[in-house]
Structure formats: C-alpha cells, structure tokens
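The values are calculated or read from the model by the stated rules, or taken from the named source; none is laboratory data. Values in this document were obtained by computation on a predicted structure and should not be read as measured data. All Cβ positions, even for glycine, are placed from backbone atoms using ideal geometry, and neighbour counts span all protein chains on display. Heads up: the accessible areas ignore ligands, DNA and RNA and are worked out on the full protein's heavy atoms, side chains in. Shrake-Rupley method; radii C 1.70, N 1.55, O 1.52, S 1.80 Å.
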Amino acid sequence: MDLNPGQIRLAIIAIYMLSLMLLGYVASRAFQGTKKDYLLASHSIGPFLLLMSLFGTTMTAFALVGSTGEAFERGIGVYGMMASSSGIIHSLCFFVIGVKVWKFGRQYGYSTQIQFFRERLESDLIGVLLFPILIGLVILYLVLGLMAGGTVIQAMTGDAVNGAFPAWFPALDARGAPTPMHGGIPPYIGGAVICFVVLTYVYFGGMRGTAWANAFQTILFMSFGIVAFIAIANRLGQTDNLLTNLQTVSSKVDAQFTTRAGMSQSEFFTYLLIPLSVGMFPHLFQHWLTAKSAASFKLSVICHPIFIMIVWVPCILIGIWAHTMNLPPSITENANRILPFLVKSQLSPVLAGLVTAGILAAIMSSLDSQFLCVGSMFTNDIVVHYGGKDRISDKTQVTIARGFMLLVVGLTYWLSLQNNPSIFSMGVWSFSGFAALFPLCIAALYWKRLTASGAVSSILAAMVSWLYFYRDSDWGKDADYLINLTFIGGLEVLPVVPIFACSTLAMVVTSLITHPPSKSTLQKFFD
C-alpha cells in the first residue's frame, strides 16, 4: 500500500507511541504492588538510569521546540542566556540539593518535597500553601509540553501537497490555497494521543516505567537530534564536508542573529536565575529519591552539562539557519513551528519521521515525570497526611494517585487547547515561579535560623509578586515583557529578579524576628 510523505511520518510516530506503551506494559510486570515501588521504584535506580531520567526530565519542549523558535526570533544569544548557565547550575543543584534530599528521603521516608518542608519547619501550613502552588506551576509546565507535542504532530503530518489526510483535516489560507499544515493531524487530536500514551505507561508502570521510558526517550532524542542537525547542515550547505557546510550556512545568517545584540546585558544576565528552578521541581525531587545510593549522582553531575550542549547547540543553530530560507508566513508567524517545518522540508520522509519521534521523546520524557509527581503529591500530602497512613492501604493509595493524575491530565489537555503564548515564554514564566521558591529550598537545607513564619512569608511574597507580573504581562502573552529598574539606571531585567528578591527578603527578615525551630528538629536535620 502506497503512503504519501505525511502518512509515512505518521506511521513512524505511531510505531514510536506503541513502543512506549509496550515498555509500560513490561515495566508493569515488575511492579511489586506497593506505593513505595509505584512512586519511587523501591529506590533501585542506578547511575546510568538516574542520569537518563534526570536529563530526560529537564529536557522539554522548552529546550527543543521553544529554543529553536526563540533563536529564530532573537538570535544565537539564546544559547548563552539559557543552555550554558543551565548546564552548570543544574549539576550544582543535583550536588548541593539532590544528594542531601536523597539522604533525608531515605532516612525519614519522604516521597515529596512538602513532607520534608513540613517536618523541617514544624508547620502544617507550609503544606497547605505549597500544594496548590506547586500543582499550578506543574500544570503550566505540562501545558507547554502538550502545546508543543500537538504543534509538532500537526506540522510533521501536514503538507501543502502531501499531507496525511487532506480530506479530513484541510488547512487553507485566506485565498483558499493549502498551507504547510494541510492534512495534518490537528493539535487537539495529537495532544489527546500524547496524553493517552504517556498516561498508559505511567498509570501501569509507575516510576519504574517512567525511568525506563525516560532512558529510551533520552537516547532517542539525542541520537536523532544529532542526525537531524548533520542532515540539515549538509542539505543547506550543499557540499560533502560538514565543517564547510556549517561555515557556509552560518555565514548567510544576518549579523543581528549571530550575536546577542538583540538583548541587553542586564536581561541576558538575569536569565541566570531561571535554571535555579530545578531546585524546586517536584518531579525532579521525586527522581532524586529513586537513587540506589548517593554515589549514583556522580554520573549525572558530570555528564549533564555535556548532554545539554549536545541537545541545545543543534536546536539553536537550526533556529538561526531558518533565516536563510524563504519560509511561508504560516510558519514565521508561529515560531513553535520552525523546528518541525525544517525537519520536514529538509529530510526524507522516513528520516523526518524518526527525528519527529525524537522530538516527541524529549517532550514526553518530561510529561511522564510530571504526571506521576502530581499523583504522588496528592496522595502523600493531602490524602495520607489528613486521612491517616494506617487507615489507607498501599493499593488504595496507588489508586488515588492514578485517579488524581487523570484529573490533572484532563485539565492540562483542556488548557493546552486555549490561545496560549509562545512555548519559550510560557516556560520562562513557569521556571520563574519555581526559581522564586529556590531560596526556601536552599535555606531549609543549609540555614538553621529559617523559621516557619519566614518560609510562609517567602512563599506568599513569591506568589503574590509572580501573579502581579504575570497578570501585567497579559498572562504571559507579552513575550518581550521586562521590568525597568529606573532607580538603578533604567536596567531591564526579567520579572524573576524582583520576584526572587521579594521571596528572599521576606524569608530572611521574617526568620530573624521570629522564633527558630526546636532543638530536636535542628538536631534531626543538622547533625
């Protein structure tokens, strides 16, 4: 049976999705039936699998689809302001926070951040405040993943001439002519399929299925990402020498996109605060607790920056190379479509389908961990905490975690279909919220004088200021939104700067004027 290019790419995507579901089934066969095994894989994850899990979880739609689109709009400076700093700061967080969190988790039986904060600060109010905030920020993070996944599937299956199903899903411009999305699977279907597949292997395989899937997906998107980069460079350079092609294509890019001239120094450097968000990612916290030993972190600390470079450099360069092509308006008006369009237009249908699987792997390797963490938080921090651990069996707790996952996924899917801003912009806002909570995390681990009142004031200051600036940016739709600091020379900075400052200042001042935790608590966490 003959298939057109759009249908070939769709067939490869379908095979990839089925492979993930099969992996989830295999992982479910190893499920031991306990909550500990479902949520933490019984602390059995070794160095390699931990590295793949952590990297796959942090490399999202923001890193691939978002970075390519942002590089197309703002130039190569996007790499410096996000990727290079992320490589160093992520590894630092793994070492400074991850290892210590793992120690407390194994010693005191924690499964979530809120359990740690409650005991460290002797306050139930901390959990009441943190739960809705963390869930809300995770949902914002999830939305950008589903948006990117739906966009990628539509772009890769659509084509002005050879779309997968032109009769079913026509996409015409104002003149009635087919667009590059013609015949493509619409985002509402693509997003639903992604939700179903990810839910399948997370629902049945738990953390073990998530870790296995992350390892598979990380290998996939790194391998095919390199292949796509080389193939696109050779196609655009049109010689047999890769280095010559890289020089040729890059020389054709306008100078404004080959430097960071399009962004101020103050804006550029304030992006350094964004990677601190990993210190408060609830899904990363849960992955840290799965480690077999503290030594399992060594490989992740060393290799994570190298892996970031391998993934981000091709995406950024492809983004600026797009300026050397005559792209249709339907692509340039939506930067999220830049990467899938170049992959589709410059590669053969089979190779494009494989690369698409790699792009979706990066997106889905984050969604699974986030789906699982929201179920874990609801079960441990709400149901068990208030309902009583001894009154609820492990089987019931696993069922509750699965049920809450379904609820959050449904809400996320609905939000992903709304008129949202760019993936990169949404990612920055989500990360800004998590970064604003970073002072609380580092203080809880290393500052004995931190008090419950200081923590509460820090959380409230962070969220009130975050909501104020998010609303002022038209709920994230203003992608160029910056804060002008007129009192220090009119410097333009990201909203994360004043948000981070409010959080830190409120925490320090309030802690210094209120009573510290009890001696028994300090002895428990500061031996």
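Being among the hydrophobic types (A, V, I, L, M, F, W, C) and assigned to a loop (DSSP other than H, G, I, E, B) holds for only one residue in Val197, Val227, Val253, Val202, and it is Val253.
When region 492-510 is filtered for residues that are within 32 Å of the chain's Cα centre (by Cα) and within 29 Å of Phe526 (Cβ to Cβ), the ones remaining, listed by number, are Ile499, Phe500, Ala501, Cys502, Ser503, Thr504, Leu505, Ala506, Met507, Val508. Taking the criterion of being touching a Ser or Thr at 6+ places or on another chain (Cβ under 8 Å) and either free of Cβ contacts under 8 Å to residues at least 24 places away in the same chain or farther than 19 Å from Leu144 by Cβ (or both), the residues of region 186-205 that qualify are Tyr201, Phe204, Gly205. Only a single criterion out of (1) open to solvent by 10 Å² or more (accessible area, probe 1.4 Å); (2) under 19 Å from Ile133 (Cα atoms); (3) in contact with a Phe, Trp or Tyr (Cβ under 8 Å, 6 or more places away or on another chain) is not satisfied by Gly410, namely (3).
Count of region 101-124 residues, restricted to those that are more than 19 Å from Thr57 (Cβ to Cβ), open to solvent by 10 Å² or more (accessible area, probe 1.4 Å) and part of a helix (DSSP H, G or I), is 7. Sub-6 Å Cβ pairs linking a first residue in region 74-90 that is farther than 16 Å from Ile306 by Cα to a second residue that is of a type in the set (Lys, Arg) and surrounded by fewer than 21 Cβ atoms within 10 Å (Cβ to Cβ), at least 6 apart or interchain, are Gly77/Arg260, ordered by first then second residue. If I filter region 417-433 for residues that are touching a strand residue (DSSP E or B) at 6+ places or on another chain (Cβ under 8 Å), at pLDDT below 85 and open to solvent by less than 40 Å² (accessible area, probe 1.4 Å), do I get at least one hit? No, every residue in region 417-433 fails to be touching a strand residue (DSSP E or B) at 6+ places or on another chain (Cβ under 8 Å), at pLDDT below 85 and open to solvent by less than 40 Å² (accessible area, probe 1.4 Å). Would it be correct to say that Thr151 is open to solvent by 10 Å² or more (accessible area, probe 1.4 Å), in contact (Cβ under 8 Å) with a residue 24 or more places away in the chain and over 15 Å from the mean Cα position of the chain (by Cα)? Judged against the criteria, Thr151 is a match. The sole residue among Ser369, Ser345 that is at pLDDT 80 or above and surrounded by fewer than 22 Cβ atoms within 10 Å (Cβ to Cβ) is Ser345. May I ask you to list the residues in region 472-527 that are farther than 20 Å from Phe438 by Cβ, assigned to a helix (DSSP H, G or I) and modelled with pLDDT of 85 or more? Listed by number, the residues that qualify are Asp472, Lys519, Ser520, Thr521, Leu522, Gln523, Lys524.
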